[in-house]
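One structure below.
The values are calculated or read from the model by the stated rules, or taken from the named source; none is laboratory data. Quick caveat: nothing in here was measured; it's all calculated off a predicted structure. Glycine also receives a Cβ, built like all others from the backbone with ideal geometry; neighbour counts cover every protein chain displayed.
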Amino acid sequence: MNANGNQDAELDRLERSLRASEELDAASWELVRHNLADRADAAGLVDVAFERHDTPLGTVLIGATNEGLVRVGLPAEGEDAVLTELAKRVSARVLRAPRPALTDARHQLDEYFDRRRREFEVELDWRLTRGFRHAVLVATARIPYGATASYREVATEAGSPNAVRAAGTALANNPLPIVVPCHRVLRSGGELGSYRGGAPAKAQLLELEAAAR
Amino acid sequence: MTLSAKADAPPPFERVIELHGPGLLRFCAARVGSERAEDCFQETMLSALRGYDRVRDAGAIRSWLYSIAARKAIDIHRARARFPQPVDDPEPLAATHDAPVVEDEIWARVRALPEKQRQAVTLRYLADLSHREIAEVMQTSEPAARRNVFEGLRRLRREAGARASHGSGESPVQGA
(Lines give C-alpha, C1' and ligand atoms only; values in the text may rest on other atoms or scores of the structure.)
Protein backbone atom coordinates (compact mmCIF):
# COMPACT_ATOMS: atom_id res chain seq x y z
CA MET A 1 0.00 0.00 0.00
CA ASN A 2 2.70 2.38 1.07
CA ALA A 3 4.96 1.16 -1.69
CA ASN A 4 2.16 1.64 -4.19
CA GLY A 5 1.60 5.15 -2.91
CA ASN A 6 5.26 5.94 -3.42
CA GLN A 7 5.16 4.51 -6.90
CA ASP A 8 2.16 6.65 -7.79
CA ALA A 9 3.88 9.74 -6.49
CA GLU A 10 6.96 8.89 -8.52
CA LEU A 11 4.88 8.36 -11.64
CA ASP A 12 3.20 11.71 -11.06
CA ARG A 13 6.56 13.39 -10.74
CA LEU A 14 7.76 11.72 -13.90
CA GLU A 15 4.68 12.78 -15.82
CA ARG A 16 5.13 16.34 -14.60
CA SER A 17 8.75 16.54 -15.69
CA LEU A 18 7.82 15.12 -19.09
CA ARG A 19 5.17 17.77 -19.52
CA ALA A 20 7.40 20.53 -18.16
CA SER A 21 9.69 20.51 -21.18
CA GLU A 22 6.97 22.17 -23.21
CA GLU A 23 8.35 25.68 -23.32
CA LEU A 24 9.63 26.86 -26.67
CA ASP A 25 10.98 30.35 -26.85
CA ALA A 26 9.10 32.72 -29.12
CA ALA A 27 12.11 34.05 -31.02
CA SER A 28 13.38 30.67 -32.17
CA TRP A 29 9.86 29.60 -33.11
CA GLU A 30 9.42 32.76 -35.19
CA LEU A 31 12.66 31.97 -37.02
CA VAL A 32 11.56 28.40 -37.78
CA ARG A 33 8.17 29.76 -38.86
CA HIS A 34 9.89 32.24 -41.17
CA ASN A 35 12.06 29.53 -42.76
CA LEU A 36 8.97 27.43 -43.34
CA ALA A 37 7.22 30.27 -45.20
CA ASP A 38 10.29 30.79 -47.39
CA ARG A 39 10.68 27.13 -48.22
CA ALA A 40 6.97 26.60 -48.85
CA ASP A 41 6.77 29.59 -51.17
CA ALA A 42 9.93 28.56 -53.04
CA ALA A 43 8.38 25.11 -53.56
CA GLY A 44 5.21 26.68 -54.97
CA LEU A 45 3.12 25.41 -52.07
CA VAL A 46 1.59 28.74 -51.05
CA ASP A 47 -1.61 29.55 -52.94
CA VAL A 48 -2.51 32.61 -50.89
CA ALA A 49 0.25 34.57 -49.16
CA PHE A 50 -0.84 37.14 -46.63
CA GLU A 51 0.60 39.74 -44.31
CA ARG A 52 -0.77 42.03 -41.65
CA HIS A 53 -0.31 45.75 -42.05
CA ASP A 54 -0.91 48.51 -39.53
CA THR A 55 -2.92 51.46 -40.81
CA PRO A 56 -4.85 54.32 -39.16
CA LEU A 57 -7.94 52.09 -39.48
CA GLY A 58 -6.24 49.34 -37.49
CA THR A 59 -4.50 46.18 -38.64
CA VAL A 60 -5.43 45.29 -42.18
CA LEU A 61 -4.84 41.85 -43.67
CA ILE A 62 -3.69 41.73 -47.28
CA GLY A 63 -3.62 38.55 -49.32
CA ALA A 64 -2.16 37.80 -52.73
CA THR A 65 -2.19 34.90 -55.16
CA ASN A 66 0.30 34.49 -57.98
CA GLU A 67 -2.01 36.65 -60.07
CA GLY A 68 -2.14 39.61 -57.74
CA LEU A 69 -3.80 41.14 -54.73
CA VAL A 70 -6.88 39.06 -53.99
CA ARG A 71 -8.14 40.33 -50.65
CA VAL A 72 -7.90 43.29 -48.33
CA GLY A 73 -9.43 42.44 -44.96
CA LEU A 74 -10.51 45.38 -42.81
CA PRO A 75 -10.16 45.25 -39.01
CA ALA A 76 -13.92 45.05 -38.48
CA GLU A 77 -14.13 41.86 -40.54
CA GLY A 78 -12.01 39.78 -38.18
CA GLU A 79 -8.89 38.01 -39.33
CA ASP A 80 -10.29 34.54 -38.74
CA ALA A 81 -13.29 35.16 -40.97
CA VAL A 82 -11.11 36.54 -43.76
CA LEU A 83 -8.64 33.64 -43.67
CA THR A 84 -11.44 31.08 -43.52
CA GLU A 85 -13.12 32.69 -46.52
CA LEU A 86 -9.86 32.55 -48.46
CA ALA A 87 -9.38 28.91 -47.51
CA LYS A 88 -12.86 28.03 -48.74
CA ARG A 89 -12.99 30.11 -51.87
CA VAL A 90 -9.42 30.12 -53.14
CA SER A 91 -7.32 27.42 -51.45
CA ALA A 92 -6.63 26.17 -47.93
CA ARG A 93 -2.92 26.66 -48.57
CA VAL A 94 -3.07 30.10 -46.98
CA LEU A 95 0.18 31.14 -45.30
CA ARG A 96 1.66 34.22 -43.76
CA ALA A 97 4.55 34.73 -46.15
CA PRO A 98 6.33 37.78 -47.56
CA ARG A 99 5.94 38.45 -51.27
CA PRO A 100 7.08 41.38 -53.44
CA ALA A 101 3.44 42.03 -54.39
CA LEU A 102 2.51 42.33 -50.71
CA THR A 103 5.46 44.55 -49.87
CA ASP A 104 4.46 46.78 -52.75
CA ALA A 105 0.85 46.96 -51.64
CA ARG A 106 1.93 47.78 -48.08
CA HIS A 107 4.10 50.69 -49.29
CA GLN A 108 1.25 52.02 -51.37
CA LEU A 109 -1.15 51.78 -48.42
CA ASP A 110 1.30 53.78 -46.30
CA GLU A 111 1.53 56.42 -49.01
CA TYR A 112 -2.24 56.52 -49.35
CA PHE A 113 -2.77 57.07 -45.63
CA ASP A 114 -0.02 59.71 -45.73
CA ARG A 115 -1.95 61.48 -48.52
CA ARG A 116 0.97 60.93 -50.87
CA ARG A 117 -0.90 58.54 -53.15
CA ARG A 118 -4.24 58.87 -54.95
CA GLU A 119 -4.31 55.69 -56.98
CA PHE A 120 -3.15 52.17 -56.33
CA GLU A 121 -0.91 50.54 -58.87
CA VAL A 122 -1.03 46.85 -58.05
CA GLU A 123 -2.05 43.79 -60.00
CA LEU A 124 -5.47 42.62 -58.87
CA ASP A 125 -6.84 39.10 -58.77
CA TRP A 126 -10.61 39.47 -59.17
CA ARG A 127 -11.50 35.84 -58.57
CA LEU A 128 -13.55 36.53 -55.44
CA THR A 129 -16.15 38.43 -57.43
CA ARG A 130 -17.88 37.86 -60.75
CA GLY A 131 -20.71 38.86 -63.08
CA PHE A 132 -22.65 41.98 -62.19
CA ARG A 133 -20.81 42.38 -58.89
CA HIS A 134 -17.54 42.46 -60.76
CA ALA A 135 -18.91 45.09 -63.15
CA VAL A 136 -20.02 47.25 -60.20
CA LEU A 137 -16.57 47.06 -58.62
CA VAL A 138 -14.86 47.90 -61.92
CA ALA A 139 -17.13 50.95 -62.18
CA THR A 140 -16.30 51.83 -58.57
CA ALA A 141 -12.59 51.63 -59.30
CA ARG A 142 -13.05 54.49 -61.79
CA ILE A 143 -14.41 56.97 -59.22
CA PRO A 144 -11.59 59.50 -58.79
CA TYR A 145 -9.85 60.17 -55.51
CA GLY A 146 -11.76 62.63 -53.35
CA ALA A 147 -14.97 62.26 -55.42
CA THR A 148 -18.09 60.27 -54.57
CA ALA A 149 -20.86 58.56 -56.52
CA SER A 150 -24.30 57.19 -55.63
CA TYR A 151 -25.30 53.53 -55.63
CA ARG A 152 -27.56 54.30 -58.60
CA GLU A 153 -24.68 55.82 -60.52
CA VAL A 154 -22.43 52.80 -60.14
CA ALA A 155 -25.37 50.47 -60.97
CA THR A 156 -25.92 52.48 -64.16
CA GLU A 157 -22.24 52.48 -64.95
CA ALA A 158 -22.24 48.69 -64.51
CA GLY A 159 -25.06 48.41 -67.06
CA SER A 160 -28.18 47.97 -64.89
CA PRO A 161 -29.59 51.32 -63.71
CA ASN A 162 -32.37 49.60 -61.75
CA ALA A 163 -30.15 47.14 -59.90
CA VAL A 164 -29.41 49.61 -57.10
CA ARG A 165 -29.88 47.04 -54.38
CA ALA A 166 -27.67 44.49 -56.14
CA ALA A 167 -25.02 47.18 -56.53
CA GLY A 168 -25.21 47.71 -52.78
CA THR A 169 -24.65 44.00 -52.22
CA ALA A 170 -21.68 44.01 -54.58
CA LEU A 171 -20.10 46.89 -52.68
CA ALA A 172 -20.83 45.33 -49.30
CA ASN A 173 -18.90 42.27 -50.49
CA ASN A 174 -16.00 44.10 -52.09
CA PRO A 175 -13.00 41.79 -51.55
CA LEU A 176 -10.57 44.65 -52.10
CA PRO A 177 -11.75 47.60 -50.00
CA ILE A 178 -9.57 50.76 -49.93
CA VAL A 179 -7.82 49.64 -53.16
CA VAL A 180 -11.16 49.39 -54.97
CA PRO A 181 -12.66 52.49 -53.35
CA CYS A 182 -16.18 51.37 -52.41
CA HIS A 183 -16.03 53.95 -49.61
CA ARG A 184 -16.61 56.56 -52.32
CA VAL A 185 -20.12 55.27 -53.01
CA LEU A 186 -22.83 57.00 -50.97
CA ARG A 187 -26.63 56.98 -50.73
CA SER A 188 -28.34 59.40 -53.13
CA GLY A 189 -29.16 61.76 -50.24
CA GLY A 190 -25.46 61.95 -49.44
CA GLU A 191 -25.78 59.65 -46.41
CA LEU A 192 -22.79 57.39 -45.84
CA GLY A 193 -24.52 54.05 -46.33
CA SER A 194 -23.01 50.87 -45.01
CA TYR A 195 -19.41 49.70 -45.26
CA ARG A 196 -17.73 46.35 -44.90
CA GLY A 197 -15.29 47.87 -42.47
CA GLY A 198 -17.97 49.73 -40.50
CA ALA A 199 -19.39 53.22 -41.08
CA PRO A 200 -16.71 54.99 -38.99
CA ALA A 201 -13.96 53.54 -41.19
CA LYS A 202 -15.83 54.76 -44.28
CA ALA A 203 -16.11 58.27 -42.82
CA GLN A 204 -12.43 58.21 -41.92
CA LEU A 205 -11.38 57.36 -45.48
CA LEU A 206 -13.63 60.06 -46.95
CA GLU A 207 -12.23 62.65 -44.55
CA LEU A 208 -8.70 61.65 -45.43
CA GLU A 209 -9.39 62.15 -49.12
CA ALA A 210 -11.32 65.40 -48.61
CA ALA A 211 -8.46 66.86 -46.58
CA ALA A 212 -6.00 66.12 -49.34
CA ARG A 213 -7.87 67.97 -52.04
CA MET B 1 -14.70 18.73 -56.26
CA THR B 2 -18.20 18.64 -54.85
CA LEU B 3 -19.90 21.38 -52.90
CA SER B 4 -20.03 19.38 -49.71
CA ALA B 5 -16.31 18.73 -49.88
CA LYS B 6 -15.87 22.48 -50.07
CA ALA B 7 -18.17 22.99 -47.13
CA ASP B 8 -15.98 21.10 -44.67
CA ALA B 9 -12.80 22.26 -46.33
CA PRO B 10 -9.77 22.20 -44.03
CA PRO B 11 -8.92 25.37 -42.12
CA PRO B 12 -6.37 27.84 -43.53
CA PHE B 13 -2.95 26.21 -43.22
CA GLU B 14 -1.75 29.20 -41.24
CA ARG B 15 -4.01 28.06 -38.39
CA VAL B 16 -2.55 24.57 -38.58
CA ILE B 17 0.94 26.03 -38.17
CA GLU B 18 -0.09 28.18 -35.21
CA LEU B 19 -1.97 25.38 -33.53
CA HIS B 20 0.30 22.39 -34.12
CA GLY B 21 3.64 23.84 -35.26
CA PRO B 22 5.31 24.30 -31.87
CA GLY B 23 4.18 20.84 -30.72
CA LEU B 24 5.47 19.22 -33.90
CA LEU B 25 8.82 20.96 -33.57
CA ARG B 26 9.20 19.71 -30.00
CA PHE B 27 8.14 16.25 -31.11
CA CYS B 28 10.82 16.30 -33.82
CA ALA B 29 13.41 17.45 -31.28
CA ALA B 30 12.48 14.64 -28.96
CA ARG B 31 12.68 12.08 -31.76
CA VAL B 32 15.83 13.14 -33.63
CA GLY B 33 17.59 15.49 -31.22
CA SER B 34 17.57 19.27 -31.18
CA GLU B 35 20.21 19.59 -33.87
CA ARG B 36 18.10 17.90 -36.55
CA ALA B 37 14.75 18.99 -35.19
CA GLU B 38 14.19 21.83 -37.61
CA ASP B 39 14.99 19.65 -40.61
CA CYS B 40 12.49 17.07 -39.47
CA PHE B 41 9.92 19.79 -38.81
CA GLN B 42 10.35 21.55 -42.16
CA GLU B 43 10.13 18.28 -44.08
CA THR B 44 6.99 17.42 -42.15
CA MET B 45 5.26 20.72 -42.86
CA LEU B 46 6.20 20.79 -46.55
CA SER B 47 4.89 17.27 -46.95
CA ALA B 48 1.68 18.24 -45.14
CA LEU B 49 1.24 21.26 -47.42
CA ARG B 50 1.66 19.05 -50.48
CA GLY B 51 -1.13 16.77 -49.33
CA TYR B 52 -3.28 19.42 -47.69
CA ASP B 53 -5.84 19.76 -50.47
CA ARG B 54 -6.72 16.09 -50.01
CA VAL B 55 -7.58 16.49 -46.33
CA ARG B 56 -11.28 15.80 -45.79
CA ASP B 57 -11.61 15.32 -42.07
CA ALA B 58 -10.48 18.48 -40.28
CA GLY B 59 -10.72 16.63 -36.94
CA ALA B 60 -8.01 14.16 -37.92
CA ILE B 61 -5.44 16.77 -38.95
CA ARG B 62 -3.43 16.51 -35.76
CA SER B 63 -2.83 12.78 -35.85
CA TRP B 64 -2.18 13.01 -39.59
CA LEU B 65 0.55 15.60 -38.96
CA TYR B 66 2.18 13.50 -36.26
CA SER B 67 2.15 10.43 -38.51
CA ILE B 68 4.07 12.43 -41.10
CA ALA B 69 6.51 13.70 -38.47
CA ALA B 70 7.04 10.17 -37.15
CA ARG B 71 7.89 9.01 -40.69
CA LYS B 72 10.26 11.91 -41.27
CA ALA B 73 12.01 11.15 -37.99
CA ILE B 74 12.55 7.57 -39.12
CA ASP B 75 13.90 8.81 -42.49
CA ILE B 76 16.38 10.98 -40.64
CA HIS B 77 17.47 8.12 -38.40
CA ARG B 78 17.96 5.91 -41.44
CA ALA B 79 19.94 8.55 -43.29
CA ARG B 80 22.10 8.91 -40.23
CA ALA B 81 22.65 5.15 -40.05
CA ARG B 82 23.60 5.06 -43.73
CA PHE B 83 25.98 7.99 -43.52
CA PRO B 84 27.23 7.84 -39.96
CA GLN B 85 29.10 10.90 -38.89
CA PRO B 86 32.37 10.28 -37.11
CA VAL B 87 31.66 11.98 -33.80
CA ASP B 88 27.99 11.24 -33.82
CA ASP B 89 26.98 8.08 -32.08
CA PRO B 90 23.77 6.83 -33.70
CA GLU B 91 22.83 5.15 -30.43
CA PRO B 92 19.78 7.09 -29.23
CA LEU B 93 20.95 7.66 -25.66
CA ALA B 94 23.96 9.53 -26.98
CA ALA B 95 21.59 12.16 -28.34
CA THR B 96 22.82 14.79 -25.96
CA HIS B 97 22.93 17.45 -28.69
CA ASP B 98 22.51 20.62 -26.72
CA ALA B 99 20.11 23.35 -27.96
CA PRO B 100 17.13 23.73 -25.68
CA VAL B 101 14.17 22.90 -27.92
CA VAL B 102 13.30 20.24 -25.41
CA GLU B 103 14.82 19.74 -22.03
CA ASP B 104 17.38 17.17 -22.93
CA GLU B 105 18.11 15.11 -19.87
CA ILE B 106 14.76 13.43 -19.57
CA TRP B 107 14.22 13.22 -23.32
CA ALA B 108 17.58 11.57 -23.81
CA ARG B 109 16.25 8.89 -21.48
CA VAL B 110 13.00 8.71 -23.43
CA ARG B 111 14.99 8.27 -26.63
CA ALA B 112 16.64 5.24 -25.05
CA LEU B 113 13.30 3.46 -24.61
CA PRO B 114 12.24 0.69 -26.99
CA GLU B 115 10.84 2.19 -30.18
CA LYS B 116 7.11 1.80 -29.50
CA GLN B 117 7.31 3.06 -25.94
CA ARG B 118 9.50 5.93 -26.98
CA GLN B 119 7.06 7.04 -29.65
CA ALA B 120 4.02 6.61 -27.41
CA VAL B 121 5.53 8.53 -24.49
CA THR B 122 6.66 11.34 -26.77
CA LEU B 123 3.25 11.65 -28.41
CA ARG B 124 1.50 11.56 -25.06
CA TYR B 125 3.54 14.03 -23.04
CA LEU B 126 5.30 16.20 -25.54
CA ALA B 127 2.59 16.48 -28.15
CA ASP B 128 -0.26 15.98 -25.69
CA LEU B 129 -2.08 13.55 -27.98
CA SER B 130 -4.92 11.42 -26.64
CA HIS B 131 -4.52 7.64 -26.54
CA ARG B 132 -6.90 7.41 -29.49
CA GLU B 133 -4.76 9.82 -31.53
CA ILE B 134 -1.60 7.95 -30.56
CA ALA B 135 -3.24 4.77 -31.80
CA GLU B 136 -3.97 6.48 -35.13
CA VAL B 137 -0.41 7.70 -35.51
CA MET B 138 1.10 4.34 -34.55
CA GLN B 139 -1.51 2.38 -36.48
CA THR B 140 -2.37 0.28 -33.52
CA SER B 141 -5.30 -0.11 -31.12
CA GLU B 142 -6.16 2.32 -28.38
CA PRO B 143 -5.44 -0.21 -25.58
CA ALA B 144 -2.06 -0.97 -27.19
CA ALA B 145 -1.27 2.74 -27.31
CA ARG B 146 -2.25 3.10 -23.66
CA ARG B 147 -0.09 0.10 -22.75
CA ASN B 148 2.93 1.49 -24.60
CA VAL B 149 2.67 4.80 -22.74
CA PHE B 150 2.31 3.01 -19.45
CA GLU B 151 5.18 0.58 -20.04
CA GLY B 152 7.39 3.44 -21.18
CA LEU B 153 6.66 5.39 -18.04
CA ARG B 154 7.25 2.37 -15.85
CA ARG B 155 10.58 1.74 -17.45
CA LEU B 156 11.66 5.36 -17.08
CA ARG B 157 10.74 5.24 -13.44
CA ARG B 158 12.55 1.95 -12.88
CA GLU B 159 15.67 3.30 -14.53
CA ALA B 160 15.53 6.47 -12.51
CA GLY B 161 15.30 4.33 -9.38
CA ALA B 162 18.22 2.20 -10.52
CA ARG B 163 20.32 5.26 -11.25
CA ALA B 164 19.54 6.74 -7.90
CA SER B 165 20.57 3.59 -6.03
CA HIS B 166 23.71 2.95 -8.13
CA GLY B 167 24.66 6.58 -8.43
CA SER B 168 25.24 6.09 -12.16
CA GLY B 169 24.14 8.49 -14.88
CA GLU B 170 24.29 5.87 -17.61
CA SER B 171 21.37 3.83 -18.76
CA PRO B 172 21.45 0.51 -16.97
CA VAL B 173 21.33 -2.59 -19.09
CA GLN B 174 18.00 -4.07 -18.28
CA GLY B 175 15.79 -6.80 -19.57
CA ALA B 176 12.73 -5.68 -21.51
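Kindly indicate which of A:V48, A:V70 is aliphatic (A, V, I, L, M), touching an Asp or Glu at 6+ places or on another chain (Cβ under 8 Å) and either modelled with pLDDT of 95 or more or surrounded by 19 or more Cβ atoms within 10 Å (Cβ to Cβ) (or both).
On the way: A:V48 fails: touching an Asp or Glu at 6+ places or on another chain (Cβ under 8 Å).
Residue meeting the stated conditions: A:V70.
So in region B:71-85, with the set limited to residues that are of a type in the set (A, V, I, L, M, F, W, C) and at pLDDT below 80, which one is surrounded by the most Cβ atoms within 10 Å (Cβ to Cβ)? Steps first, answer last, please.
From region B:71-85, those of a type in the set (A, V, I, L, M, F, W, C) are B:73-74, B:76, B:79, B:81, B:83; that's our starting set.
Next, only the ones that are at pLDDT below 80 stay: B:81, B:83.
On the way: B:A81: 9, B:F83: 7.
Per the criteria, the residue is B:A81.
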Residue within region A:132-140 that is part of a helix (DSSP H, G or I), away from chain B (no Cβ under 14 Å) and of a type in the set (F, W, Y) present: yes
Only one of A:A201, A:A166, A:A210, A:A170 that is loosely packed, with under 14 Cβ neighbours inside 10 Å and either outside the structural domain of A:V138 (by TED's automatic domain parsing) or part of a helix (DSSP H, G or I) (or both): A:A210
Qualifying residue in region A:106-124 (condition: among the acidic types (D, E) and in contact with a Lys or Arg (Cβ under 7 Å, 6 or more places away or on another chain)): yes
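From A:E51, A:E10, grab the single residue that is out of contact with any Ser or Thr (no Cβ under 6 Å at 6 or more places or on another chain), touching a residue at least 40 places away in the same chain (Cβ under 8 Å) and within 14 Å of chain B (Cβ to nearest Cβ).
Of A:E51, A:E10, the one residue that is out of contact with any Ser or Thr (no Cβ under 6 Å at 6 or more places or on another chain), touching a residue at least 40 places away in the same chain (Cβ under 8 Å) and within 14 Å of chain B (Cβ to nearest Cβ) is A:E51.
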Qualifying residue in region A:116-130 (condition: part of a helix (DSSP H, G or I), over 19 Å from A:G190 (Cα atoms) and among the hydrophobic types (A, V, I, L, M, F, W, C)): no
Filtered residues of region B:5-23 (kept if buried (at least 19 other Cβ atoms within 10 Å of the Cβ) and more than 10 Å from chain A (Cβ to nearest Cβ)): B:H20
Odd one out for A:A101, checked against (1) in the same structural domain as A:V48 (by TED's automatic domain parsing); (2) surrounded by fewer than 17 Cβ atoms within 10 Å (Cβ to Cβ); (3) part of a helix (DSSP H, G or I): (2)
Residue under evaluation B:S34, criteria (1) in contact (Cβ under 8 Å) with a residue 60 or more places away in the chain; (2) over 11 Å from the mean Cα position of the chain (by Cα); (3) facing chain A (nearest Cβ under 7 Å), criterion not met: (3)
Single condition A:L109 does not satisfy, out of (1) more than 18 Å from A:V185 (Cβ to Cβ); (2) outside the structural domain of A:S91 (by TED's automatic domain parsing): (2)
Output for region A:66-84, where each listed residue is within 14 Å of chain B (Cβ to nearest Cβ) and touching a residue at least 12 places away in the same chain (Cβ under 8 Å): A:V70, A:R71, A:G73, A:E79, A:V82, A:L83
Residue list for region B:39-55, filter: closer than 16 Å to B:A127 by Cα and at the interface with chain A (Cβ under 7 Å from one of its Cβ atoms): B:F41, B:M45
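Please indicate, with yes or no, whether at least one residue in region A:104-115 is surrounded by fewer than 20 Cβ atoms within 10 Å (Cβ to Cβ) and within 14 Å of another protein chain (Cβ to nearest Cβ).
No, because not a single residue in region A:104-115 is surrounded by fewer than 20 Cβ atoms within 10 Å (Cβ to Cβ) and within 14 Å of another protein chain (Cβ to nearest Cβ).
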Sole exception among (1) of a type in the set (D, E); (2) in contact with a helix residue (DSSP H, G or I) (Cβ under 8 Å, 6 or more places away or on another chain); (3) at pLDDT 75 or above for B:D88, by number: (3)
